[in-house]
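Working notes for the structure below.
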Amino acid sequence: MPELSNEEARALIEGALASLLDPQQDTNQFVRYFASDYVQEVDGKTLTFAGFIDHARMLKASLRRGCATIERLVVSGDTIADIHVVKAEKMNGDAIRVKVIAFFTVRDGKIIAVDELTHLLDGSDADRDMGSRTSSDKR
C-alpha cells in the first residue's frame, strides 16, 4: 500500500474530525471516513464501530458546535500520528477544550483504528470522558 502524503493524511483527519464535531451532519455523513471494522482505544476504553457510532451520537447531542485544530501530524506507512485540540460549545453554552494525541491506522482510504489519549484543558471535570462517552456511561 502506498504511503499517504502529508496532504492526504491531513485532509482525511481534518475531514473526519470536522464531520464528527458538526452536529448538523448525520451519522451517514461522517461514517464514510471509517471502516466498518473500526476499533478505537481511547483513555483505556475500547469502542467497536457500533460503540463509536454511539459515541458520535452522544457528541452530536451534547455539542452546539465544535472544531479541531491539528497542531502536529506525522505520516509513516499506513499510520497517521497527530496532536489536535478540540474546541467546542456544549448545548448549555459551556466551553470545552480537549487536547488529543492520536495514532490512526488507515486502510483503503478509511480509518480502521485509532489509539488515543485525551486531556481536558478547559471545561467541567464532568466532561473528562468526552473523548469516549457513550450512552451506556452513567451520568
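The values are calculated or read from the model by the stated rules, or taken from the named source; none is laboratory data. Only a predicted model underlies this, so the values are computations on that prediction, with no experimental measurement involved. FYI the Cβ positions are ideal-geometry reconstructions off the backbone, even for glycines, and counts take in every protein chain you see. Remember, those area values only see protein heavy atoms, side chains included, never the ligands or the DNA or RNA. Shrake-Rupley method; radii C 1.70, N 1.55, O 1.52, S 1.80 Å.
The number of residues in the range 1-28 that are part of a helix (DSSP H, G or I), open to solvent by 40 Å² or more (accessible area, probe 1.4 Å) and within 11 Å of residue 60 (Cβ to Cβ) comes to 0. Within the option set 66, 131, being within 14 Å of residue 14 (Cα to Cα), of a type in the set (Gly, Ala, Ser) and surrounded by 19 or more Cβ atoms within 10 Å (Cβ to Cβ) holds for one residue only, 66. Looking only at the range 29-57, residues that are farther than 18 Å from residue 18 by Cβ, among the hydrophobic types (A, V, I, L, M, F, W, C) and either in a helix (DSSP H, G or I) or open to solvent by less than 40 Å² (accessible area, probe 1.4 Å) (or both) come to 5 in all.
Within the range 94-109, can you find the residues that are open to solvent by less than 40 Å² (accessible area, probe 1.4 Å) and of a type outside the set (Val, Ile, Thr)? Listed by number, the residues that qualify are 102, 104.
Is one or more of the residues making up the range 103-123 without any contact (Cβ under 8 Å) to a residue 40 or more places away in the chain, in a loop (DSSP other than H, G, I, E, B) and more than 13 Å from residue 21 (Cα to Cα)? Checked the range 103-123: at least one residue is without any contact (Cβ under 8 Å) to a residue 40 or more places away in the chain, in a loop (DSSP other than H, G, I, E, B) and more than 13 Å from residue 21 (Cα to Cα). Residues of the range 1-39 that are hydroxyl-bearing (Ser, Thr, Tyr) and under 15 Å from residue 104 (Cβ atoms): 5, 19, 33, 38. Among the residues making up the range 58-84, a single one is under 15 Å from residue 129 (Cα atoms) and in a strand (DSSP E or B): 63.
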